[in-house]
Structure formats: C-alpha cells, structure tokens
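These notes are about the structure you will find just below.
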Amino acid sequence: TKTADKVVQSICPYCAVGCGQRVYIKDEKVIQIEGDPDSPVSRGRLCPKGAASEKLVNSPMRETRCRYRRPGASEWEYISLEQATDMISERFLEARRETWEDVDHEGRPLNRTLGVHFLGGATLDSEENYLIKKFFSAAGAVSIENQARI
C-alpha cells in the first residue's frame with residue numbers, strides 16, 4: 001500500500017451494509033483493498049468477502065463483456081453494451097405497454113403494470129436500492145422486492 005499512486009474511498013459491493021473501503025491504485029490498477037477506518041458503518045472492518053474484493057476486481061475470470069444466448073441456441077455470443085441495453089429497454093417497454101392498466105373495472109385509476117417485476121440482490125447498497133425502487137415505481141411496477149428481505 002505504501003507504493004500506491006493514490007487511495008480512493010469506496011463501498012464494498014457484496015451486501016447492503018455499505019462497509020467503507022480504501023482502494024489502493026498503482027499505475028491505474030487496483031493493487032489492494034482494505035477497510036476504511038473513517039467509515040462510520042464499518043470502522044475499518046471488512047468481512048472475508050469484502051476483504052477479498054481485490055480478487056473480484058483483478059480476477060482473470062472476471063467477465064467484462066456482455067454475453068447473449070439466442071433462443072434455442074446452445075452457445076453464448078458476445079454483444080456490445082449498447083446492443084444489450086437496447087434489447088433490455090425494448091423488452092421492458094414492450095412488456096409494460098402490453099400489460100398496462102389505466103383503470104380498474106369500476107373506472108378507478110390504477111396506472112400500473114403487472115407485467116414488470118423486479119427482484120434486487122443483497123449486493124446492492126442502499127442508494128442503488130432507493131433508485132431502483134423509484135425507477136420501477138415510476139414505471140408503474142407493483143411487484144418490487146429485494147433478496148435481502150426474502
């Protein structure tokens with residue numbers, strides 16, 4: 001850590017606790033991640049997964065490209081991030097459009113869709129979960145849940 005070019009503060013990506021991390025960088029590469037003693041959440045402590053998060057960043061097995069398996073295909077193919085984003089947004093909007101409910105059978109406003117659901121993971125932090133909840137609620141989704149609560 002003494003040879004690091006810079007140290008940046010971050011938050012552990014593994015759960016919703018939000019433990020603080022110090023990320024040591026040398027030559028634009030993460031060389032070490034440690035607990036941040038200035039964090040009011042974790043006070044410098046990390047669980048075993050958080051302490052090993054440098055391996056997550058630098059693993060040669062880390063997937064850094066989008067992969068897609070076409071319906072009926074047996075092999076995955078690489079596609080661009082832009083193509084993957086377009087495919088997801090098109091499917092999201094189509095499902096929302098096809099299942100949108102303006103009013104109930106008595107004419108009372110619903111403004112919802114039962115065709116879009118979201119299940120978040122416990123690796124998301126509080127801020128990410130907050131934004132996801134806001135987005136899916138604004139889109140009219142009713143079923144919004146998180147693995148951490150299940």
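The values are calculated or read from the model by the stated rules, or taken from the named source; none is laboratory data. As the structure is a prediction and not an experimental result, all values here were calculated from the model. Heads up, the Cβs are rebuilt from the backbone with ideal geometry, glycines too, and the neighbour counts pull from every protein chain shown. Remember, those area values only see protein heavy atoms, side chains included, never the ligands or the DNA or RNA. Shrake-Rupley method; radii C 1.70, N 1.55, O 1.52, S 1.80 Å.
Here's the yes/no breakdown for (1) modelled with pLDDT of 95 or more; (2) surrounded by 15 or more Cβ atoms within 10 Å (Cβ to Cβ):
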{"site": "15", "(1), (2)": "no, yes"}
{"site": "21", "(1), (2)": "yes, yes"}
{"site": "55", "(1), (2)": "no, no"}
{"site": "68", "(1), (2)": "yes, no"}
{"site": "89", "(1), (2)": "yes, no"}
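In region 66-85, the residues that are in contact (Cβ under 8 Å) with a residue 60 or more places away in the chain never reach a residue that is among the basic types (Lys, Arg) with C-beta atoms less than 8 angstrom apart, at least six apart or across chains. Going residue by residue through region 109-119, is there one that turns out to be at pLDDT below 90 and either outside any loop (DSSP other than H, G, I, E, B) or open to solvent by 90 Å² or more (accessible area, probe 1.4 Å) (or both)? Within region 109-119 (the criterion being at pLDDT below 90 and either outside any loop (DSSP other than H, G, I, E, B) or open to solvent by 90 Å² or more (accessible area, probe 1.4 Å) (or both)), the answer is yes, since at least one residue qualifies. State yes or no: is residue 112 more than 20 Å from the chain's Cα centre (by Cα) and closer than 30 Å to residue 10 by Cβ? Answer is no for this residue. Would you mention how many residues in region 91-104 are of a type in the set (Ser, Thr, Tyr) and open to solvent by 90 Å² or more (accessible area, probe 1.4 Å)? Residues flagged as of a type in the set (Ser, Thr, Tyr) and open to solvent by 90 Å² or more (accessible area, probe 1.4 Å) within region 91-104 amount to 0.
Within region 50-61, is even one residue under 22 Å from the mean Cα position of the chain (by Cα) and acidic (Asp, Glu)? Yes, the conditions are met somewhere in region 50-61.
Restricting to region 98-117, and then to whatever is out of contact with any Gly (no Cβ under 9 Å at 6 or more places or on another chain) and of a type in the set (D, E, K, R), can you tell me which residue is nearest to residue 141 (Cα to Cα)? Among those residues, the one meeting the criterion is 102. Can you find even one residue in region 68-82 that is part of a helix (DSSP H, G or I), closer than 29 Å to residue 16 by Cα and aromatic (Phe, Trp, Tyr)? The answer is no, given that none of the residues of region 68-82 is part of a helix (DSSP H, G or I), closer than 29 Å to residue 16 by Cα and aromatic (Phe, Trp, Tyr).
Contact map, region 125-144: residues that are over 16 Å from residue 111 (Cβ atoms) paired with residues that are among the β-branched types (Val, Ile, Thr), Cβ distance under 7 Å, separation 6+ or inter-chain. Pairs shown: 125/11; 133/144. For region 3-60, the set of residues classified as closer than 23 Å to residue 129 by Cβ and among the aromatic types (Phe, Trp, Tyr) consists of 14 only.
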